[in-house]
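What follows is one structure encoded as structure tokens, with my remarks underneath.
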Amino acid sequence: HTRSAKAQDTFKVAVVMPSASNDLAFSQSMIDALTAIDEEMGDGFEFVFQENTFVVDDAAIALREWAASGEYSLIIAHGSQYGAILEELAPEFPDVSFAWGTDVDTFGYDNVYAYEAGSDQGGFVNGVLAALLTNSNVIGVVGPIEVGDAKLYVDGFKAGVAWVNPEIAVNVNYIQSFSDVALASEAAQAHIANGADVMTGSAQMVVGAVGVAKETGNVLWFGQQSNQTELAPEIVVANQVYHWEVVLKEIIAQVQAGTLGGTSYKLTLENGGLVIEYNEAYALSAFDKFVADAVIQGIIDGTITYTLE
Amino acid sequence: MPENLLPTGHRRIEQMRMQGIVKKFPGVLAVDHVDFDVKAGEIHALLGENGAGKSTLMKILYGLYHPEEGHIYLNDQSVVIRSPNHAIQHGIGMIHQHFMLVPSLTVAENVALGLKSSRGLILDLEVVSKRIRELSEIYGLQVNPNSPIWQLAVGEQQRVEILRALYRGAALLILDEPTAVLTPQEVDDLFRILNQMTADGHALIFISHKLHEVLAISHRITVLRDGKRVYSIPAESATKEMLAQMMVGRPVVLRYDLPPIEPGPALLRLEGVCATSDRGDEGLKNVSLNVHAGEIVGVAGVSGNGQRELAQVIAGMRSITAGKIWLNNDDVTSHSPAAMNQHGLSHIPEARMTDGVIKNFTVAENFVLQNHGRKPYAWGGLFMNFRSITRQCKTAIKDYEIKTPSHETPIKSLSGGNIQKLVLARELSRQPRVLIAAQPTRGVDIGASEYIHHRLLEERTKGTAILLISEDLDEILALSDRIVVMYEGAIVGAVKRDAADVRTLGLMMAGSKVTV
Amino acid sequence: MAIIRHFLNTSKLVNISLNITLLLLAVGAALVVGSVMIMLMDADPVKAYQALYEGAFGTTNSRAETLVKATPLLFVGIGICVAFRGGVINVGGEGQMIIGALAGVWIALSLDTVPRFIENVPINDFPQITVVTLSLLAGFVAGALWGGIAGVLKAYFGVNEILSTIMLNQIALQLMNYLLNGVLLDPEQKDRVNRIPKTARIEEHAKLPRIDWFSDTPTRLHAGLIVGLALAVVVYILLWRTTLGYRIRAVGQSDRASRYAGINVKRQVLYSILISGGCAGLAGAVQVLGLQYRLQTDGSAAGFTGNAGFNGIVAALFGGLHPVGTIPASVFFGALLIGAQSIQREVQVPASLITTLNGLVVIFVVSSQIFIKRLTKRRASVPPQPTPAAPKSLPALQEEAAK
Amino acid sequence: MITDILKASVAASAIRLATPYIFASLGETFGQRSGVLNLGVDGIMLLGAFAAYYAVFETGNLLLGVLAALIVGMLLGLAMAFISVTLQAEQGISGIGLYLFGLGLSELLFQKTVVTPTPIDGFPRVNLPILTDLPVLGEIFFHHNLLVYVAFALVPISAFVLNRTTFGLQIRAVGQNPEAADAMGISVARVRYMTVTLGGGFAGLAGASLSIALLNIFQSNLTSGQGFIAVALVYFGAWRPYWVMGGALLFSTVNALQLQVKTIENALGINVPSEFAVMAPYVVTIITLIFASKRVEQPTALTKPFERGES
Ligand SMILES: Nc1ncnc2c1ncn2[C@@H]1O[C@H](COP(=O)(O)OP(=O)(O)OP(=O)(O)O)[C@@H](O)[C@H]1O
Ligand SMILES: Nc1ncnc2c1ncn2[C@@H]1O[C@H](COP(=O)(O)OP(=O)(O)OP(=O)(O)O)[C@@H](O)[C@H]1O
Ligand SMILES: [Mg+2]
Ligand SMILES: [Mg+2]
């Protein structure tokens, strides 16, 4: 199998991902993207995936098998924890194209693409809206571990809040787990007990937090990574949703053109990889919506800048 | 009351017959076509060496084991006894040779165990305790219904077992080596009870290794050997010697004469030793004691009067609260067991099965329990030297006539008698200067007992200082140069061999100060 | 039947092969149940189990991966043999692996940055053997100490080890997350906002060499396996040929008898869990030096350990708590885990089905042990002793009785 | 003022967090008291959680949900009993097997039926006449849903059953000396079957308390290992229901505080790394036990299968 040969017949993609393909968060965002592409390209496209591969070393096995099989035009390691593996694997299969994220590092290999989400941007927008909507001037954030995509989003969110009103307290709670729903929900309870009336969070365990917000009724929620509106239509204001298909399409095009890697991509509001999806059911005041859209535009054309701590 | 009822209101068992009973265990024909029967108002004794099949036969009658062949008839009706529960329903009770009590539970709870409660699902311990008190009144068995079993001495636990059986109003009662742990007085009490029960119309089966007891209490005697019934005889026409011969297959010496020995220096010395017991009370009260080279000092006493604590204190297994201990004139007060071993102490522990050996270890491994780290059993204290372990162990097996398939057999599948021989072999092979022998022949058949006694006497002539702790007065009287009696943790009297007699000792053991 | 027993009494070989047959039967049964579920997922069981076999043994690479998966199970399992033989239920393998990995990678990395004490020796010229040995040693020691905490708690404070080790697993995890996001963080990541919690990559001279002499296609099989095999033998000798092993086993069997024998029970308890923890620590260090070349966390313990800390227990018990028996057991279990994933890849059934399947296999296999027990029990018991002739004097005595 | 609110909310949060542990640990206590270690609690919790969730998801009937969890839990307990009592399987491993089975199957069924996490209406807060409106006490004790109260009610009940009933006596006897119990005509197997099955039911309820009372949602690995902590807490509580509850409350209180620390530290201006905050409950539990340092003998027969003639 040569590169050119691959380029013609159906474009086959294999993905390994850390959590369940229906986690309403990181992993699902990738599945949604691939499904979208599949619908577009139809027969020209196929994908297989291995989900729940939270054991990092297990991903190595999958990636290796796929690479060795030579059947796949693109092999994706969807999770920053898989970087070390690709770093070892890629050089062994120089004519197989890999992509991984979220990170920027291609290790200087010409068969590795890196992709990341500028989730701080959507975080900033969510933050601005949150700041406009809070009455108590206390905002709660529930995060998993203080690194990677989650940290980027949270820092962006804080910046957004501060941009509106530095006085507002943003209480961030990293519960050191992606799966502990019970702890996430109690973290939310704690925020509310401390007066928070707006909350957000990142990763799949936040469903617990959303539940709490929903129960209390008067606490608003901002979604992240995928659209969480259906979890609590009454209180979700807006979600930052990842559309990996934007970068994936570019990567696919590149591979089909014969370039196997070397570039690093980023989802942004500008390239449409990041989209703020409002909850239609929530009555967002015209003014707030106007400000939000303005901020989005500002970030896109660079008139609004901010620094992350 | 109607003819066929016992005072307890339960139905009598006029007659129980076991016919052609066969029980195989892997590799062992434990019971081999045995006929056995007992009538109401009768005590039928069952004799035999360790492993002869007595317990097994009885466990079959109690529904614990199921026979390969044979039938059981109660009042001439064939019955199949599926489980202990079933046996109890048929009015069969059993007092097991290895106690069947739950240590963490109280006496009352142990008695109530498995019984219907007068309050349905909810325990009625008060009711049970009350009834227990009544029974202990009637039969003169003192126990406190509320004390947990683990706090009781072996003898007291035995009483609980008996009480429980009485409580359940068994019509046929099996007693598997019930006297092994009792003092003469206790034995007399027991016999009084047993006679009372037979008079009431109970049927009793009595297992013991002590021939004089068997002769004293039973109406009929049956002897088992290697699972076969070799002999059945009315008690009055039997004698000790002939029974002994029946069991062992050779004449057995039942009395020893000690060659007079000039006792050497005191190798073991205790001065004002005090210690707390498991019960948390004063286990030892200011005990002072000397044992000289070439001397056997017997410690007599009702079980639970500090003998256990005494042995443990000397062995370094129990810390002392006051006093001093010397081995060979070295002050070894509150030394570790290891240190005591170093100072030439050997100890045959009371609880052979739990302290003396490691059940799942092989005979050979058990043989080097203390010395596994020393020459010749180890190189540089690091690596085991199995060749020499095997060699030494095999010699011991031969010298001490230990019945075992090989030195690699897990010791748990040896009979208690043989386990005890191994412990003895191990302890003596360490050439002790001082030897503590606690209950050395409890539950061991006369053949083995005789053997063990001879070995102890040999040690005596070798000049070892021997402390013999036993609840078997005959044993004490047979072997000791001097006898001290313990009561409530204190030594209440000391008697020279020739001055000693069962009656006075018995009185001292009961607490009354007697000076001889 | 009688014949079988006869053999069981005499030949161990038959016994072992029986063991294996039974194992396969049990696995078979589990897979049959599993195939029903696979069909409910409207997938083809036959294809699935082909994938399982192929994934575990089909190619050179898959065989290698099976061994790679088995390696940490082997290390942990060997340690479990010591702990359980010593009467200590060590369920702290996860934590001990993590701590071992932290120590191992820390030494491996810092040996690049130590100041030169010998003149004209370029820093990275530490010989590989030195660096690897030191790093592995560090892993062992660290794991041992971490286990030692539970040991001290049990021996001297009467804190049950199941409780303490479960808790210590969580503590170790948080410690790792903290260090990988702090002092051990890859310098390249330090100034990134969305930094990934991972250490720097270890140098060539700190890597466990790959084993590639058996095939031309490169695999991930590494020298850790050989270390593990060696360790199995060493620990076997330790347990059954040394006085320390004797004492550990004695205490595990009966602390009362051990105390009577003058053995310091508390110390043996401590030793057994120290060794056990050390083996788990080694497992952690080996994973880093042999496979991943840097330590990285996704916030969960399993992310790094792959649950080897628990699966190692299963392997050890399948291996009869015997270090050498643990070798095939680990390979078997490793193969299962590898094969299961390939089912998911090839047949695209949900990962959860695979987890379920693993559970079933474990349950079926462990349940099948009883049959082995039943049959081998006969070997333990006492052979028949010949009945000596009835006593000569019997007739005489009977006459006497008759009078 | 702010501080009392904190205290109240922390206490309330602790009570909520403790609920699943209390269910699961009490159940495990029964099993262990009779000599059976069930390490599969977490697996049973997960399947119980799903069963309850699914029942409510389909019917909206909460009691049906509880029933489903109870039944599923007891069935799994029964299976565990069969494996560990009848088949005499090594209890440690079979527990791990059961855990994997529950972890996998619960998620599998979820993916086949509900697909994505969907909130349901779980047990509402029970409003008690005056009590609920009491200033601080009200928030701490009377702001909870039914299952929370059930969990705490089960503590004295369990203690009573273990210590004051014939069944309890049989359980204790079987766990301490099966031979003796057997000789007294008690069926060791029967008792163990009952305790382990009961324990399974409790574990099922523990799961339900998460999925239809506290979180009102299901997700893969919803328990995230709580079942193992529950087992640890049984040791902490030395097989006594009240002490087990104490352990659960201690653990949960520190956990609740830990979450607060993160939020009030801004006020205080100090900085506790969240890793250490999260560590706290585990550390405190161990340390407490060091100082409690009660050397309670565990049930002698724990993890030991019983067979007549074994010696
Ligand atoms: N549970 C068992 N498993 C295997 N063999 C057994 C078992 N119980 C007894 N045996 C065998 O049956 C034979 C008879 O044992 P039994 O307990 O009846 O002897 P015994 O007469 O009671 O001995 P002792 O006088 O020491 O009580 C023994 O030799 C032993 O080998
Ligand atoms: N599980 C077993 N396997 C093999 N033999 C056994 C087993 N249990 C008991 N035995 C045998 O049963 C016989 C009697 O058992 P028991 O426990 O009564 O020993 P014992 O000789 O009565 O001890 P003691 O002398 O203390 O009364 C012994 O010969 C022992 O070997
Ligand atoms: Mg017997
Ligand atoms: Mg006996």
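Any read-out appearing in this document is the output of simple, stated calculations on the displayed coordinates, not a laboratory observation. Because the structure is predicted, anything quoted here is derived from the model rather than measured. Every residue, glycine as well, gets a Cβ built from its backbone with ideal geometry; the counts of neighbours run over all protein chains shown.
Which lysines, if any, have their Cα less than 22 Å from the Cα of B:Lys394, not counting same-chain residues under 8 positions apart?
B:Lys359, B:Lys375, B:Lys403, B:Lys412, B:Lys421
Please express the shape of segment B:426-488 as an equivalent ellipsoid: the semi-axes are the square roots of 5 times the eigenvalues of the C-alpha gyration tensor, given largest first in whole angstrom.
Output for segment B:426-488: semi-axes of 18, 15, 11 Å.
Just to confirm my numbers, what's the Cα centroid distance between segment B:206-236 and segment A:97-154 in Å?
Value for the Cα centre distance between the two parts: 90 Å.
Any lysines with Cα under 22 Å of the A:Lys249 Cα? List them, leaving off those in the same chain fewer than 8 positions away.
Excluding near neighbours in sequence, the set is A:Lys6, A:Lys12, A:Lys266.
Would you pull out the residues with amide H under 5 Å of B:Ile469's amide H, same chain only if 5 or more places away, H placed 1.01 Å from N?
HN-HN under 5 Å from B:Ile469: B:Val299, B:Ala437, B:Ala438, B:Gln439.
Would you work out which of A:Val241, A:Gly273, A:Ala286 lies farthest towards the positive end of the dipole of chain A, given +1 charges on the beta-carbon of Lys and Arg and -1 on that of Asp and Glu, about the Cα centre?
Going by the Cα projections, it comes out as A:Ala286.
Among D:184-191, A:241-248, how do they line up by average Cβ neighbours within 10 Å per residue, starting with the highest? Mind showing how you got there, number by number?
Numbers: D:184-191: 20.0, A:241-248: 23.0.
In decreasing order of mean packing, D:184-191, A:241-248 become A:241-248, D:184-191.
May I have the convex hull volume per residue, in Å³, for the Cα set of the protein assembly as shown?
Once divided by residue count, the hull of the protein assembly as shown is 208 Å³.
So if I place +1 on the C-beta of Lys and Arg and -1 on the C-beta of Asp and Glu, and nothing else carries charge, what would the dipole magnitude of segment C:2-402 be about its Cα centre? I want it in debye, nearest 20.
Value, rounded to 20: 1240 debye.
Pop the C-beta distance of C:Trp240 and C:Arg267 into the FRET formula with R0 = 25 Å and round what comes out to the nearest 0.05.
Once rounded, the FRET efficiency stands at 0.80.
So how long is each side of segment B:1-129 along the principal axes, counting just the alpha-carbon atoms, biggest first, in Å?
The principal-axis extents, from largest down, are 46, 40, 24 Å.
Please report, for the Cα atoms of chain D, the Rg to one decimal and the Dmax as a whole number; what are they, in angstrom?
Cα-based Rg and Dmax for chain D come out at 20.0, 68 Å.
Mind listing the long-range amide H neighbours of A:Tyr174? Cut-off is under 5 Å, sequence gap 5 or more, other chains count too, H placed in the peptide plane at 1.01 Å from N.
A:Gly143
On average over all directions, what projected area in square nanometres does segment B:274-368 have, based on the convex hull of its Cα atoms?
7.1
Quote the charge dipole size of the protein assembly as shown about the Cα centre in Debye, to the nearest 20; the model charges only the Cβ of Lys and Arg (+1) and of Asp and Glu (-1).
6720
What is the spin-label model distance, in nm, from C:Arg374 to B:Lys462 if the labels are put 7 Å beyond Cα along the C-beta direction?
Each label point is offset 7 Å from its Cα along the Cβ direction, giving 4.9 nm.
For D:Lys7, list the aspartates and glutamates whose Cα falls under 13 Å from its own Cα; do not include residues on the same chain fewer than 8 positions away.
Output for D:Lys7: D:Glu139.
Over all distinct Cα pairs, what is the inverse of the mean 1/r for chain A, reported as the Kirkwood hydrodynamic radius in Å?
After inverting the pairwise mean of 1/r, the radius is 19.9 Å.
Cα centroids of segment D:113-160 and segment C:147-210: how far apart, whole angstrom?
38
Among C:Ile149, C:Ile248, C:Ala206, whose Cα sits farthest toward the positive end of the charge dipole of segment C:2-402 (+1 at Cβ of Lys/Arg, -1 at Cβ of Asp/Glu, about the Cα centre)?
Ranked along the dipole, the leading option is C:Ile248.
Can you compute the radius of gyration and Dmax for segment C:2-402, using only the Cα atoms, both in Å?
Answer for segment C:2-402, Rg first and Dmax second: 25.6, 108 Å.
Please state, rounded to one decimal and in Å, the Kirkwood hydrodynamic radius that chain B gives when every pair of distinct Cα atoms enters the mean of 1/r. Mind showing how you got there, number by number?
Details: mean 1/r = 0.0413 Å⁻¹.
About 24.2 Å, per the Kirkwood formula over Cα pairs.
Taking each residue of A:18-25 in turn, how many C-beta atoms of other protein chains fall within 10 Å of its C-beta, and what is the average?
Working: counts 3, 5, 11, 4, 10, 4, 4, 1.
That works out to 5 on average.
Name the long-range amide H neighbours of A:Phe11: under 5 Å, sequence gap of 5 or more, or other chain; modelled H, no Pro or chain starts.
So A:Phe11 has HN proximity to A:Phe45, A:Glu46.
What average count of beta carbons from other chains do you get within 10 Å of the Cβ of residues in B:64-70?
If you average over the peptide's residues, the count of other-chain Cβ atoms is 1.
Can you give the FRET efficiency for C:Phe214 and B:Val80, using 1/(1 + (r/R0)^6), R0 = 51 Å, r = Cβ-Cβ distance, to the nearest 0.05?
Efficiency, rounded to the nearest 0.05: 0.20.
Over the Cα atoms of segment A:183-286, what radius of gyration and what Dmax do you get, in Å?
For segment A:183-286, the Cα-based Rg and Dmax read 17.5, 57 Å.
Through the Karplus equation 6.51 cos²θ - 1.76 cosθ + 1.60, θ set to phi - 60°, convert the phi angles of segment A:298-305 into ³J(HN,Hα) values in whole Hz; use x for Gly and Pro.
Calculated HN-Hα couplings, in order: x, 5, 4, 8, x, 7, 10, 10 Hz.
What do you get for the angle between helix B:184-200 and the principal long axis of chain B? Use alpha-carbon atoms, 0 to 90 degrees, nearest ten.
Roughly 10 degrees, rounded to the nearest 10.
Through the Karplus equation 6.51 cos²θ - 1.76 cosθ + 1.60, θ set to phi - 60°, convert the phi angles of segment B:95-102 into ³J(HN,Hα) values in whole Hz; use x for Gly and Pro.
Running phi through 6.51 cos²θ - 1.76 cosθ + 1.60 with θ = phi - 60° gives 9, 7, 5, 9, 3, 10, 10, 9 Hz.
Enter the Cα centre distance for the pair segment B:27-77 and segment B:306-375, rounded to the nearest angstrom.
39
Counting other beta carbons within 10 Å of each Cβ, put B:Lys130, C:Lys207 in order, fewest first.
Values: B:Lys130 13, C:Lys207 21.
Ordered from fewest to most neighbouring Cβ atoms within 10 Å, B:Lys130, C:Lys207 come out as B:Lys130, C:Lys207.
Kyte-Doolittle mean at least -1.0 and Cα extent at least 18 Å along the axis: which DSSP H helices of chain C qualify?
Numbers: long enough: C:12-40 (43 Å, 2.07); C:60-85 (36 Å, 0.82); C:93-113 (30 Å, 1.04); C:128-157 (42 Å, 1.52); C:161-180 (27 Å, 1.08); C:224-241 (24 Å, 2.27); C:265-287 (34 Å, 0.91); C:323-347 (35 Å, 0.92); C:351-380 (44 Å, 0.87).
Helix filter hits for chain C: C:12-40, C:60-85, C:93-113, C:128-157, C:161-180, C:224-241, C:265-287, C:323-347, C:351-380.
Please report, to one decimal in angstroms, the Kirkwood hydrodynamic radius of segment B:255-326 built from all distinct Cα-Cα pairs. Don't jump to the answer; show the numbers that get you there.
On the way: mean 1/r = 0.0751 Å⁻¹.
For segment B:255-326, inverting the mean 1/r across all distinct Cα pairs yields 13.3 Å.
Under 26 Å between alpha carbons: how many lysine pairs meet that in segment C:2-402, if sequence neighbours fewer than 8 apart on the same chain are excluded?
Lysine pairs meeting both conditions in segment C:2-402 amount to 9.
How far apart, in nm, are two points set 7 Å out from the Cα along the Cα-to-Cβ line at D:Val136 and at A:Asp9?
Using points 7 Å along Cα→Cβ, the separation is 7.4 nm.
Taking only DSSP H segments of four or more residues, each worth -39500 (n - 2.57), what value at 222 nm results for chain B once the sum is divided by all its residues, to the nearest 500 deg cm²/dmol?
About -9500 deg cm²/dmol.
For chain D, what does the helix formula give at 222 nm: sum of -39500 (n - 2.57) over DSSP H segments with n ≥ 4, over the residue count, nearest 500 deg cm²/dmol?
After summing the helix terms and dividing by residue count, I get -23500 deg cm²/dmol.
Taking each residue of B:112-121 in turn, how many C-beta atoms of other protein chains fall within 10 Å of its C-beta, and what is the average? Mind dumping the intermediate values first?
Numbers: counts 4, 13, 12, 4, 1, 3, 0, 3, 2, 6.
Other-chain Cβ atoms within 10 Å of each residue's Cβ, averaged: 5.
Nearest 10 degrees is fine. How inclined is helix D:62-81 to the longest principal axis of chain D, computing both from alpha carbons?
Relative to chain D, helix D:62-81 is tipped by roughly 40 degrees.
Looking at segment A:159-242, I'd like the Rg to Rh ratio, where Rg is from alpha-carbon atoms and Rh is Kirkwood's inverse mean 1/r.
0.94
I'd like to compare B:27-35, D:37-45, B:11-19, B:299-307: which one has the highest average count of other Cβ atoms within 10 Å, and what's the full order after that?
D:37-45, B:299-307, B:27-35, B:11-19
Could you compute the FRET efficiency for D:Tyr242 and A:Asp43, with r as their C-beta to C-beta distance and R0 at 51 Å, rounded to 0.05?
My answer for the efficiency is 0.15.
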